[in-house]
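Notes follow once the structure below has been shown.
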């Protein structure tokens, strides 16, 4: 059917209108797109260029060199050595399992380390590198670098790792570093970003921990260009960090080595202090362990062996261990009584082998008694009853005050772990700690260093140095930081009557040099080198009345952990004191037999700076000492380890 002209014209008009509408819409869309493209390409060009640059350029931290640690003579104790490792970054790697599989074809990966790395990759942020292989060889590192295009997210790194060339000698002083753990991070409110770096080494104990902020340094920054796979193409800029401060200790490495060797396998501690400056020249604790075991994470078997050892090698007994000071406390009791004016130097008391106080018998170590004793003979022969009498005269308040004045009951500010305060008991202390009042029997026990009183070997060395000089000797362990000498604090007088101090020193000289002295067998015979000392034996078990009647069991007949502790303190030369020494041998038995010989040998080594001549020893000891010196020489470190020393 033919359409009329009118219908045809109407249809054409409709088509024309639709075409115009569609054309308009198309023109609008195209115009909008053009305007949007202009906005993005022209007006926002700088912003998108910046975002593209952000994706192309990464900013990474550069760990600084950790400060090194030296002894007083510049011998290196803790140093840094090159360490090669391989890290992987989850965000850059993409398929981590596939990348690790490729990596395993190139270098051997320890299954334990790999499992730990996988766990770490899950916990850490995607942009945090995680170590998958530690201590790899240079050849393995090179192989990974050559195959870098096939290993997205994998980075071969050259860093620094801590090592301790003198091994166990400085373990309890310097401590060690180890990988940062979640526990370490939990203790820090705002951790340094460096601590999140793969296997970053962090001070765990000792000076490494106490001086962590000084030793760590400040991180540097580098800007690197990466491709779409995350591989580093080139380094754009670098700003080096600030190395950590070098630390110089007051310890003499030769004397420290001798102390550790001389303590041997005993569960023991020894401290040597310079009486002029307060410098700690040796701080020994035995047994020790190799700190290098901990640097990259100790094995479970090695750690188990350490914690199950009944001699407690992980404890720094010189500062952490506290013991009843036994008869080494008697000089404190003597000075408390003398300074009170209640007792004179020449006053005597009779020892019948015991003293009855408040219906209790307090026994002397000599069952038959010593007879009449004055200050000189009581210290020389270590009569207990004499000091019981002094306790009744002086009282606990004066004894506590004197103990504190001479350095006990104080936590010294040293960069070591868990420095113990010890305990100087008082009326208030017992009331608060025990919920009971002080009784006279407590004073009697305290007078001979038993009961509640506790002291560390460090505190006993300080006490001895103060007795020797009459000054407030304060121990110092840090000689300099980054070349800046640290101050000493040992000049203030104690404020004690010099005549009283002189009488105590004279009695201590008799302990080691009078035939009736308790340490006469371990004296020094070299002219001008003689020492003044005091033996001590502290009980770790209660002796019952029945055992006293039947005869007290000898230490050698008891299990090791029930034997008495052995102690000895001394200063030398007696006429012009230069060194003070304290030795504690856990469960060693008697102070004169177990601790005094060790202290005498250490004192001579400090005095001579090397093996002393055999003529410094009593003639009967010289054969044994000759063999001992030969044996200990084998344990000394080489004179030169190939590293330059600090000036």
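I need a count of the residues in region 253-271 that are under 16 Å from residue 633 (Cα atoms) and in contact (Cβ under 8 Å) with a residue 40 or more places away in the chain.
11
With 429, 438 as the choices, which residue is surrounded by fewer than 20 Cβ atoms within 10 Å (Cβ to Cβ) and modelled with pLDDT of 95 or more?
429
In region 577-591, what count of residues is obtained for those that are surrounded by fewer than 24 Cβ atoms within 10 Å (Cβ to Cβ) and at pLDDT below 95?
Residues flagged as surrounded by fewer than 24 Cβ atoms within 10 Å (Cβ to Cβ) and at pLDDT below 95 within region 577-591 amount to 3.
Can you pull out every residue in region 331-360 that is buried (at least 20 other Cβ atoms within 10 Å of the Cβ) and touching a strand residue (DSSP E or B) at 6+ places or on another chain (Cβ under 7 Å)?
331, 349, 351, 355
Here is a list of conditions, (1) farther than 30 Å from residue 272 by Cα; (2) out of contact with any helix residue (DSSP H, G or I) (no Cβ under 6 Å at 6 or more places or on another chain); (3) surrounded by 15 or more Cβ atoms within 10 Å (Cβ to Cβ), and residue 130 meets all of them except one; can you say which number that is?
Evaluating residue 130 over (1) farther than 30 Å from residue 272 by Cα; (2) out of contact with any helix residue (DSSP H, G or I) (no Cβ under 6 Å at 6 or more places or on another chain); (3) surrounded by 15 or more Cβ atoms within 10 Å (Cβ to Cβ) leaves (2) as the failure.
Where residues in region 121-143 are modelled with pLDDT of 80 or more and assigned to a helix (DSSP H, G or I), which of them is farthest from residue 162 (Cα to Cα)?
Checking each candidate, the answer is 122.
Taking residue 135 as meeting all but one of (1) on the phi > 0 side of the Ramachandran plot; (2) buried (at least 17 other Cβ atoms within 10 Å of the Cβ), write down the number of the exception.
Unmet condition: (2).
When you scan region 394-512 for helices (runs of 4 or more DSSP H) that lie fully inside it, which ones turn up with 3 or more residues that are touching a residue at least 24 places away in the same chain (Cβ under 8 Å)?
Fully inside region 394-512 and qualifying: 440-447, 457-469.
Here are 616, 599: which of them is over 15 Å from residue 257 (Cβ atoms), within 26 Å of the chain's Cα centre (by Cα) and in contact (Cβ under 8 Å) with a residue 12 or more places away in the chain?
Exactly one residue qualifies, and that residue is 599.
Please tell me if residue 298 is farther than 18 Å from residue 387 by Cβ, buried (at least 16 other Cβ atoms within 10 Å of the Cβ) and touching a helix residue (DSSP H, G or I) at 6+ places or on another chain (Cβ under 9 Å).
Yes, satisfied.
The values are calculated or read from the model by the stated rules, or taken from the named source; none is laboratory data. In this text, all values refer to a predicted model and were calculated from it rather than measured experimentally. Every residue, glycine as well, gets a Cβ built from its backbone with ideal geometry; the counts of neighbours run over all protein chains shown.
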